[in-house]
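The values are calculated or read from the model by the stated rules, or taken from the named source; none is laboratory data. In this text, all values refer to a predicted model and were calculated from it rather than measured experimentally. All Cβ positions, glycine included, derive from the backbone under ideal geometry; neighbour counts span all protein chains shown.
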Amino acid sequence: MIELSDIHVTLGRGKGRTDIRAPNLSVAAGEAACLSGQNGSGKTTLLRVLAGSVSPATGQVRVQRPTVAFTDIDRQLQAYFGRSLPAFTMTHQSGP
């Protein structure tokens with residue numbers, strides 16, 4: 001469950017100052033939400049507020065996290081996505 005109430009975040013100072021405001025939002029357990037907007041509109045900042053890495057100047061954030069611990073990444077991915085992900089290989093190509 002996620003609840004946001006009158007969030008206001010201020011980043012930077014002077015002319016480079018950015019104010020981000022988020023209205024009330026509630027996402028119940030089991031629901032899905034889509035966060036969209038133009039570049040620089042505050043999507044990542046809002047996610048950082050939810051993660052706790054950015055503190056809002058005003059407002060309230062309530063996130064009820066599940067208390068589940070896993071020992072391997074495949075079980076974590078299965079729990080998050082509801083299924084196992086196919087194996088993949090990462091490669092690096094230098095040059096054009």
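Taking the criterion of being among the acidic types (Asp, Glu) and either in contact with a Cys (Cβ under 6 Å, 6 or more places away or on another chain) or free of Cβ contacts under 8 Å to residues at least 24 places away in the same chain (or both), the residues of the range 1-58 that qualify are Asp19, Glu31. Consider the range 53-75 and keep the residues that are among the small types (Gly, Ala, Ser) and modelled with pLDDT of 85 or more. The one that is farthest from Ile7 (Cα to Cα) is Ser53.
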